[in-house]
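The structure appears right after this line, and notes come after that.
The values are calculated or read from the model by the stated rules, or taken from the named source; none is laboratory data. Note that this is a predicted model, so its numbers are computed, not measured. Positions of Cβ are generated from backbone atoms using ideal geometry, with glycine treated the same way; all protein chains shown enter the neighbour counts.
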Amino acid sequence: MPESILEISGLSKVYKGGTRALDNVDLSIRKGEIFALLGPNGAGKTTLIGAVCGLVRPSSGTMTAFGHDLARDWRRARARIGLVPQELATDMFETVWRAVAYSQGLFGKPYDAERLEDILKGLSLWDKRDAQIRALSGGMKRRVLIAKALAHDPELLFLDEPTAGVDVELRKSMWQQIAALKERGVTIILTTHYIEEAEEMADRVGIIQGGRILMVDEKRAMMERLGTTEAVIALAAPLAALPPEIAAFPVELDAGRTCLTYRGGNGQGGGRAQVAQLAQALTRAGIEYLSLDIHDSSLEDIFVGLLGEGRAA
């Protein structure tokens, strides 16, 4: 089992008006992983990040990072944590170089021009190093936030909606940069509205709603356990009734009796194997079909389903 570098236990945050932003959150983050925290707006994602990074004071609970209690020894722990916030919060009239250099010194790091150059080149910001931040595009401004967060070489990096508002090409480029950070041994906690990002990059996924963690699991295990396969089979002729060998599968015949829908298995292959068996059974039964469309549920399908269950609860 990989070493845990962040332990959160019983964490709650209740604001003066009675709003409960976090509700008894327990979470353990493993060294070197990419952990995706998913949830709708107002679920508590940013509050949780703010609590770890010292921007929000919890009402109760404990947090330990790198063996340091974040309530008592926050300075030593915070020096090893980086944050890319959701909102752009920096001096718009500052140059890229000076803004990133300032962040390097903010956590007691000596000025290191070579390291700053590496960071800016890695984020395709080197040519913009003397430009004022206000003159940059939205995507470039977001890259500056990442550069500032990396300036003190954090071991744990929080990315709060890092690709919000950027185009698809830039988003994929940033995915590559995040993967490169992981290769260097940086542990990453990512929040995102683009669930395909979590599906692409995350090792584990946590789902939060109403300040409560609904589920934490390995991404692959979650998709295997909760994913499903759906197949829609267009029949060549109406079917009066399902033969027993076909009715044994998890299928439904539509009102027009010309379309058969299969739902079952899992999203990692089991369902597809059963669809193949169903197709063979149809052939053996002499039932002709015109087409077969098959779809495995994505992480987004699972996410939406879990949130629906959470609301029902």
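Numbers for the structure displayed
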{"item": "Residue in segment 89-97 that is within 28 Å of PRO40 (Cβ to Cβ) and out of contact with any Phe, Trp or Tyr (no Cβ under 6 Å at 6 or more places or on another chain) present", "result": "yes"}
{"item": "Every residue from segment 146-174 that is among the hydroxyl-bearing types (Ser, Thr, Tyr) and part of a helix (DSSP H, G or I)", "result": "SER173"}
{"item": "Any hit, segment 17-33, residues being touching a Gly at 6+ places or on another chain (Cβ under 6 Å), under 18 Å from PRO162 (Cβ atoms) and modelled with pLDDT under 95", "result": "no"}
{"item": "Leading residue by the ranking (surrounded by the most Cβ atoms within 10 Å (Cβ to Cβ)) among those in segment 116-169 that are at pLDDT 85 or above and touching an Asp or Glu at 6+ places or on another chain (Cβ under 8 Å)", "result": "ILE133"}
{"item": "Segment 188-197, residues that are out of contact with any Pro (no Cβ under 8 Å at 6 or more places or on another chain) and within 11 Å of TRP175 (Cβ to Cβ)", "result": "TYR194, GLU196, GLU197"}
{"item": "Pair list, Cβ < 8 Å and 6+ apart or interchain, from segment 199-223 residues that are over 21 Å from TRP175 (Cβ atoms) to residues that are among the aromatic types (Phe, Trp, Tyr) and assigned to a strand (DSSP E or B)", "result": "none"}
{"item": "Selected residue (only one of ALA179, ALA101, ALA198 is over 26 Å from ARG30 (Cβ atoms), outside any loop (DSSP other than H, G, I, E, B) and either over 21 Å from the mean Cα position of the chain (by Cα) or among the hydrophobic types (A, V, I, L, M, F, W, C) (or both))", "result": "ALA101"}
{"item": "Looking only at segment 89-98, and only at residues there that are more than 27 Å from the chain's Cα centre (by Cα) and not in a helix (DSSP H, G or I), the one that is surrounded by the fewest Cβ atoms within 10 Å (Cβ to Cβ)", "result": "PHE93"}
{"item": "Helices (runs of 4 or more DSSP H) within segment 201-313 that include 2 or more residues modelled with pLDDT of 80 or more and over 30 Å from LEU190 (Cβ atoms)", "result": "244-247, 270-284"}
{"item": "Options ARG115, ARG143, ARG72: the member that is assigned to a helix (DSSP H, G or I), over 23 Å from the mean Cα position of the chain (by Cα), free of Cβ contacts under 8 Å to residues at least 40 places away in the same chain and in the same structural domain as ALA180 (by TED's automatic domain parsing)", "result": "ARG115"}
{"item": "Residue that is surrounded by the most Cβ atoms within 10 Å (Cβ to Cβ) [pool: residues in segment 183-195 that are touching a strand residue (DSSP E or B) at 6+ places or on another chain (Cβ under 7 Å) and part of a loop (DSSP other than H, G, I, E, B)]", "result": "THR192"}
